[in-house]
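FYI, it's all coordinate maths here, none of it is from the lab. Keep in mind it's a predicted model, so treat the numbers as computed, not measured. Counting neighbours? That spans all protein chains shown, and the Cβs are built from the backbone with ideal geometry, glycine included.
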């Protein structure tokens, strides 16, 4: 067998070493890649334009979930939206979307994930699901399941889908979802063995296929973070009566500015 020239062999070793280093770095840094929280001190005071109340759900002695509930007058109250937000900052960043629901008579409960805002504890996929479940259980004290809407935005869509998979609700609404975290990241780092490296898998497709409630998905045609092509693969997991609404020229962060999004969301909340 012909020997591999030393320069070529050296290049192969360097390439393999770089590949391994990238894999190791991704494994240990993936939380920082996927999540960009801004923590707040427990004494911080929230200031919002919408009326709200604040409460915590204790997970254990060292961890709790902080939830902001944007309220509506009892005379107008139709139900509650459990809103699982995106991967950055905290509730302060997403509070502006509460009026989409409060104007239609729905309270909006926004939990911050561990390390986001005033929420504390470890950030894992299992904990994200547990937080969603505990938020739902707290909502069921006040509302029938037929008055609970589960809403997920961006990274929160996988969390929302998992909750709707294990608990009944009026409807599930997803804004800019992904097929799964593995498929989304594979779009950028296809060379890595993601199934072995990923700590956060969030397989939205697997959860949607078992959701009984009506599902509506919003996605922009020009989404540069979660490509429309990735989200469209979710169609195979939807029921015939579910909807996939494509916002022409919409990006990952501006769907709220489009009339189609507002009109369709209003119609869903008036049902």
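Worth pointing out:
- Rounded FRET efficiency, nearest 0.05, which uses the C-beta distance separating residue 228 from residue 55 and R0 of 45 Å: 0.75
- Working ranking of peptides 61-70, 169-178 by packing, defined as the average number of other Cβ atoms within 10 Å per residue, highest first, is 169-178, 61-70.
- Estimated FRET transfer efficiency (residue 99, residue 221; beta-carbon r; R0 30 Å; 0.05): 0.75
- Sequence of 204, 241, 71 once ranked by neighbouring C-beta atoms within 10 Å, starting from the fewest: 241, 71, 204
- Label-zone membership for the range 203-226, site residue 87, 7 angstrom Cα→C-beta point, backbone N under 15 Å: 203-204, 224-226
- Among 123-129, 146-152, the peptide with the highest mean count of other Cβ atoms within 10 Å heads the list, and the full ranking is 146-152, 123-129.
- Estimated FRET transfer efficiency when R0 is 35 angstrom, pair residue 44-residue 244 (beta carbons, to 0.05): 0.35
- Rounded to 5, percent antiparallel among DSSP beta bridges of the range 35-269: 30
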